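In what follows, a structure is listed as structure tokens, so that the remarks can point back to it.
The values are calculated or read from the model by the stated rules, or taken from the named source; none is laboratory data. Quick caveat: nothing in here was measured; it's all calculated off a predicted structure. Here the Cβ positions follow ideal geometry from the backbone for every residue, glycine too, while neighbour counts run over all protein chains shown. Accessible surface is based on the protein model in full, side chains and every heavy atom, while ligands, DNA and RNA are left aside. Shrake-Rupley method; radii C 1.70, N 1.55, O 1.52, S 1.80 Å.
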Amino acid sequence: FLDPTGRAKTMTGACVDITDFVRAREALKLADRQKDDFLATLAHELRNPLAPLRTGLHLVQNINGGMAGQGRRVLGIMQRQLDHMVHLVDDLLDIARIRQGKILLRQESLSLQAVLEQALEGVRALFDAQGHVVVWDGVDPALRVTGDLTRLVQVVGNLLNNAAKYTPRGGRVTLRGGEASLPGMLLIEVTDTGIGIPPNMLDHVFDRFAQVQQHLDHAQGGLGIGLSVVKGLVEMHGGRVAAESAGPGAGSQFRIWLPRADTPAPAEVALPSSP
Ligand code: ADP
């Protein structure tokens, strides 16, 4: 805050000239922009060689109708690692584009049921591989959201992916969608029986590069940006996100609110400060 002479006082009571504050803030903003630019360039450069690698691997996998034994196993491992890398680089690209305002949404009226089913389809193999049970009862086919199909499937897919990743083998993941108590919104919930999130981390899991558990195997772990992509995309749709957990070992619940298709445009929907 400012003292009567126009100098600013820090939390510790030290006096600093206000112009130093402004200069420091501008320098931080510039550094942040440069970091975003660097991440975008890095992600582009990493993405380029991945496409031919994928095609090449696909060709080798199908030589003479497919390899057998050890060769097949090794190619399978390479495929999974490559998919993981593509996923990480795509997240990096997305977070850079969201921050630079370079993502364009193709907004249309979508069936909520179709969005959730497509997202589920994309993670079925992972759930099967981990022996998780998926609870999914479908939603009222009349419910529609306004949004970009590819991006919303990505958002829900990301939450489901995390639920699978942070739940020990043989867990249960529940996907629900339906009416929300927030006016003009529909609600999507992904609930798992996994490792849970400590209370002090709940507000931070959507931050860039936030990770609660550092000890995951590298093929499983990420960069801590998946949820910030989720939040960025949902907010671009005019929606909200929230995470809940009763703590370590108690499972987690991720909720997203999206604008219904039959209500005014997202910008006109008034949201309370906390859902
Ligand atoms: P990551 O690539 O590390 O999974 P995310 O941004 O998707 O990055 O998630 C950030 C952090 O939030 C994760 O590292 C993990 O600690 C925590 N997290 C996300 N989803 C869950 C979940 N379903 N259960 C427990 N922890 C989770």
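Laid out as a table, the results:
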read-out	value
Ranking by accessible area, most exposed first, for Thr55, Thr191 with a 1.4 Å probe	Thr55, Thr191
Whole-Hz couplings from phi, Karplus 6.51/-1.76/1.60, listed for region 254-259; x for Gly and Pro	10, 10, 10, 10, 10, x
Solvent exposure of the chain as accessible area per residue, Å², 1.4 Å probe	56
FRET efficiency, Ile63 to Gln130 (Cβ-Cβ, R0 35 Å, nearest 0.05)	0.70
Extreme residue, positive dipole direction of the chain, given options Phe206, Phe21, Leu82 (C-beta unit charges)	Leu82
Fraction of accessible area attributable to carbon and sulfur, the chain (%, probe 1.4 Å)	57
For the chain: lysine pairs under 26 Å (alpha-carbon distance), excluding those fewer than 8 apart on one chain	7
In degrees, nearest ten, helix 69-99 long axis to first principal axis of the chain (Cα)	30
